[in-house]
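One structure below.
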Amino acid sequence: MTDNAAKALTLRVKDTGSARIDKWLWAARIFKSRSIAVDACKNNRITINGVNVKPSHIIKSGVQIDVRKPPVVYSFKVLKTIEQRVGAKFISEIYENVTDPKQYELLEMSRISGFVNRARGTGRPTKKDRRKMDEFIEPALFGFGDIDDWDHEDDDE
């Protein structure tokens, strides 16, 4: 890489010294939109050093941020505070992922389990179950034909 290219990369990620937590979460590509980052803060899914924070909380470099995205709690150490979104190439300059490996195992286990271990009788009924329910709700007329036949017999009298 040439010197000019290296300068361009470092100029792209400008450390502002401090930033709002919601803007930083969006700029660091932890959330797809800023409004989702705000909602996460409001729902107490973002903690800094164990304390829930509001979207307007100001962060600085060196802080550890925990992001709860059930079933996993991701942990990030802030290296640079930015408020402008950057490309995925520059993420390694923005934060360090310090998430516990057990959290990733938990995520993998939840992906594997999925709907395989669904308890019988819970969730949406199968086609066979639905047909049994329909039979139960609308029983057969026990060989009496249509109801319209009853109306015709009354007309004859």
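The values are calculated or read from the model by the stated rules, or taken from the named source; none is laboratory data. Small disclaimer: the values here were computed from a predicted structure and weren't measured. So basically every Cβ, Gly included, is an ideal-geometry build from the backbone, and we count neighbours across all protein chains shown. We work out accessible area using only protein heavy atoms, side chains counted, and drop any ligands, DNA or RNA first. Shrake-Rupley method; radii C 1.70, N 1.55, O 1.52, S 1.80 Å.
Select from the stretch 63-97 the residues that are open to solvent by 80 Å² or more (accessible area, probe 1.4 Å) and in a loop (DSSP other than H, G, I, E, B) and write down the one among them that is farthest from Lys23 (Cα to Cα). Result: Pro70. For the stretch 24-47, the set of residues classified as among the polar types (S, T, N, Q) and over 14 Å from the mean Cα position of the chain (by Cα) consists of Asn44, Thr47, listed by residue number. Among the residues of the stretch 46-62, those that are surrounded by 17 or more Cβ atoms within 10 Å (Cβ to Cβ), among the β-branched types (Val, Ile, Thr) and either assigned to a loop (DSSP other than H, G, I, E, B) or in contact with an Asp or Glu (Cβ under 9 Å, 6 or more places away or on another chain) (or both) comprise Ile46, Thr47, Val53. Among the residues of the stretch 18-45 satisfying the criterion of being open to solvent by 60 Å² or more (accessible area, probe 1.4 Å), out of contact with any Asp or Glu (no Cβ under 8 Å at 6 or more places or on another chain) and assigned to a helix (DSSP H, G or I), which is farthest from Ile91 (Cα to Cα)? That would be Lys42.
Could you grab me the full set of residues in the stretch 100-142 that are β-branched (Val, Ile, Thr) and at pLDDT below 80? Give the steps one after another, and end with the answer.
Narrowing the stretch 100-142 to residues β-branched (Val, Ile, Thr): 112, 116, 122, 126, 137.
Selection gives Ile112, Val116, Thr122, Ile137.
The selection criterion, being of a type outside the set (Lys, Arg) and at pLDDT 80 or above, holds for Glu96.
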